[in-house]
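Accompanying notes for the structure given below.
Derivation of every value follows stated rules applied to the coordinates shown; laboratory data play no part. Quantities reported herein were computed from a predicted structural model and do not represent experimental measurements.
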Amino acid sequence: MSQTAPRRKSRASAGLPPITADKIIDSALELTAEHGLDGWSIRQVSTRLGVWPGVIAHHVGDREAVVMGVTDRVISRIPVPDADVPWREWFRTLMLGGRAVLRRYPGVARRMVVVGPNVPSALSTIDIGIKVLLDAGFGEHATQVYRYLLNSAFMLVAVEDDRGEFPTARADMGRAMAAFAGDDTHPGLAAAAAEALARDTAPQDVAEHELAFFRFTVERSLDGAEAMLKPPAA
């Protein structure tokens, strides 16, 4: 005689809270922080929640839909300055605050740059940011300047994320440059060598160096945009 498999209890009858789209995104967000945006599967999300993968599809959709939800959640956590903040300070604050958030969720910055921040939480930021630039006098170039500034900053965050996959790359590059220390026949490489030799390689020092270079990139990008506001030389 054949036997039928026992029916699974519903979550409610088992005393478990119901599964919602928010809970699914919460779990995917945790996995993104741990493994990066490309480092988890729908099955891992469902396992963490203790449900079948089909439950994810029912409440949110396929993996791309979950990724969109994660991206939306991460972007919503980036602090957005008020619209009356001067344009240069507005973008400096947004980009530095954005880096702090994005670095906690590897892969989201790259998606923002490559695919675009096409999620609901990004719309108000785009609206305010372009308005700030319009008010500053960038005119028809305001949209391009907005893209230039954020792409410059967040592509660098994506590079920082990706560098984690090559843990020895920085040290290897430093050793390659160090070979040219004091080489007067290659002054450019000698200068690079001097910087490499002066740079500490402890994790906290590397983190400080990356932040300093990010700040440098932000300021030079802002300098470039500000140059557009100056009248051409006679």
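Relative to the dominant Cα principal axis of the chain, helix 63-76 is inclined by about 50°. Principal-axis analysis of the Cα atoms of the chain puts helix 187-198 at an angle of about 50° to the longest axis.
Remark: the Cα gyration tensor places the stretch 40-171 in the oblate category, a/c being 1.5 or greater and a/b not exceeding b/c.
Kirkwood analysis of the Cα pair distances in the stretch 113-208 returns a hydrodynamic radius of 16.8 Å. With contributions of -39500 (n - 2.57) from each DSSP H run of at least four residues, the per-residue ellipticity at 222 nm computed over the chain stands at -21000 deg cm²/dmol. Stokes-Einstein diffusion for the chain, with the hydrodynamic radius set to the Kirkwood value over Cα pairs and evaluated at 10 °C in a medium of 1.306 mPa s, equals 76 µm²/s.
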